[in-house]
Amino acid sequence: MGDSFYEYLLKVWIQGNRTAAVDSYRKMWETSMKGLLSLVRRTSPSSFAYISEKVGYSFVDKMDELACFAPGMLALGSSGYGPDESQKFLSLAEELAWTCYNFYQSTPTKLAGENYVFNNGQDMTVGTSWNILRPETVESLFYLWRLTGNKTYQEWGWNIFQAFEKNSRIESGYVGLKDVNTGVQDNMMQSFFLAETLKYLYLLYSSPSVIPLDKWVFNTEAHPIKIVSRNDRAMSSGAGNSVGQQKSYKRPLTRREGRFGNK
């Protein structure tokens, strides 16, 4: 339930141009990923990797589709490690993405349920069976395609899109499913389907020059934010200025004050 926190530790480091000024966020992220590794389990008989949940001192063999943002996050963060660690985290990202894709492929509608449980000898079983058009799996497919160039991720994304077209498309838009096993529809299109799910699907088939990842970073709601240009010296306190030479700060007007300063 704290997924965005871990994602932002990494992305603040990226958005800050990976400089010493933001290095503490990268260190916190790497510490957190050591914790994540302790949660990774594999099913039998097919050895699907999944991230279990920890409640107190107990582990629960359950994974939400929401957690399928993790493969993309791990792939994005893998480049900050040395060669061996980088490959380890990228391989884990690919394993988890395969699991998330099979969340979709394992149901009659080819759309994922909200979460899955993992019982011995059964690989994966749908827990909560609704689908509300979530973006996390296709988000990870986008990152993995951009970072590896492997077109398999485009093929998986296309299969997911076709399942949305078949099961969720109606005359006025798209709707979720009350049950991915029966295909019974609800009557709601979540706003994140446009803002995130379709955006990542679009980018999955766009040139890497469209919102390139060396110049932009996406926040957790898929809004692109420019990576800042900065150097460590300029970020240090008072760098290049004596006390008497520092420029005065002029407070920008608020929206309420308006452009002319009228309250």
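Only one of (1) without any contact (Cβ under 8 Å) to a residue 40 or more places away in the chain; (2) among the aliphatic types (A, V, I, L, M); (3) open to solvent by 20 Å² or more (accessible area, probe 1.4 Å) fails for L9. Which number is that?
(3) is the only condition that L9 fails.
Go through the stretch 144-162 and report how many residues are assigned to a helix (DSSP H, G or I), open to solvent by 50 Å² or more (accessible area, probe 1.4 Å) and either touching a Cys at 6+ places or on another chain (Cβ under 9 Å) or not aromatic (F, W, Y) (or both).
5
Going through S44, S4, S32 one at a time, which residue ends up being farther than 21 Å from Y143 by Cβ and small (G, A, S)?
None of the other options fit; the residue is S44.
Quick one: is R41 under 23 Å from F118 (Cβ atoms) and of a type outside the set (A, V, I, L, M, F, W, C)?
Criteria met by R41.
I'm checking my understanding of the structure. Among residues of the stretch 194-222 that are open to solvent by less than 50 Å² (accessible area, probe 1.4 Å) and among the hydroxyl-bearing types (S, T, Y), which one is nearest to Y174 (Cα to Cα)?
Among residues in the stretch 194-222 that are open to solvent by less than 50 Å² (accessible area, probe 1.4 Å) and among the hydroxyl-bearing types (S, T, Y), the one nearest to Y174 (Cα to Cα) is T197.
Which of (1) free of Cβ contacts under 8 Å to residues at least 60 places away in the same chain; (2) over 28 Å from D214 (Cα atoms); (3) of a type outside the set (S, T, Y) does F48 not meet, given it meets every other one?
Of the numbered conditions (1) free of Cβ contacts under 8 Å to residues at least 60 places away in the same chain; (2) over 28 Å from D214 (Cα atoms); (3) of a type outside the set (S, T, Y), the odd one out for F48 is (1).
Can you tell me how many residues within the stretch 196-222 are closer than 17 Å to C68 by Cα and either outside any strand (DSSP E or B) or polar (S, T, N, Q) (or both)?
Adding up the residues that qualify gives 11.
When the stretch 52-81 is examined, which residues are found to be hydrophobic (A, V, I, L, M, F, W, C) and farther than 27 Å from W216 by Cβ?
Of everything in the stretch 52-81, those that are hydrophobic (A, V, I, L, M, F, W, C) and farther than 27 Å from W216 by Cβ turn out to be V55, F59, V60, M63.
Among the candidates F103, F118, F89, which residue alone is under 19 Å from the mean Cα position of the chain (by Cα) and within 30 Å of S168 (Cα to Cα)?
Just one listed residue meets the conditions, F103.
Mind checking which residues of the stretch 163-181 are touching a residue at least 40 places away in the same chain (Cβ under 8 Å) and either open to solvent by 50 Å² or more (accessible area, probe 1.4 Å) or among the hydroxyl-bearing types (S, T, Y) (or both)?
K166, S168, Y174, K178, N181, listed by residue number.
Would you tally the residues in the stretch 223-249 being surrounded by 10 or more Cβ atoms within 10 Å (Cβ to Cβ), at pLDDT below 50 and part of a loop (DSSP other than H, G, I, E, B)?
4
Can you pull out the residues in the stretch 159-216 that are within 13 Å of F142 (Cα to Cα) and in contact with a strand residue (DSSP E or B) (Cβ under 7 Å, 6 or more places away or on another chain)?
Within the stretch 159-216, I211 is the sole residue that qualifies.
Say we look at the stretch 119-143 and pick out the residues that are outside any helix (DSSP H, G or I) and in contact with a Phe, Trp or Tyr (Cβ under 7 Å, 6 or more places away or on another chain); which of these is nearest to H223 (Cα to Cα)?
The residue in question is P135.
May I ask you to list pairs of residues, at least six apart or on different chains, whose Cβ atoms are under 7 Å apart, with the first in the stretch 100-111 being over 9 Å from I160 (Cβ atoms) and the second being open to solvent by 10 Å² or more (accessible area, probe 1.4 Å) and among the polar types (S, T, N, Q)?
Qualifying pairs under 7 Å: T107/N181; P108/N181; T109/N167.
The values are calculated or read from the model by the stated rules, or taken from the named source; none is laboratory data. No experiment lies behind these values; they were computed from the predicted model shown. Using ideal geometry, Cβ is built from the backbone for each residue, glycine included, and neighbour counts are taken over all protein chains shown. Side chains included, ligands, DNA and RNA excluded: accessible areas come from the protein's heavy atoms. Shrake-Rupley method; radii C 1.70, N 1.55, O 1.52, S 1.80 Å.
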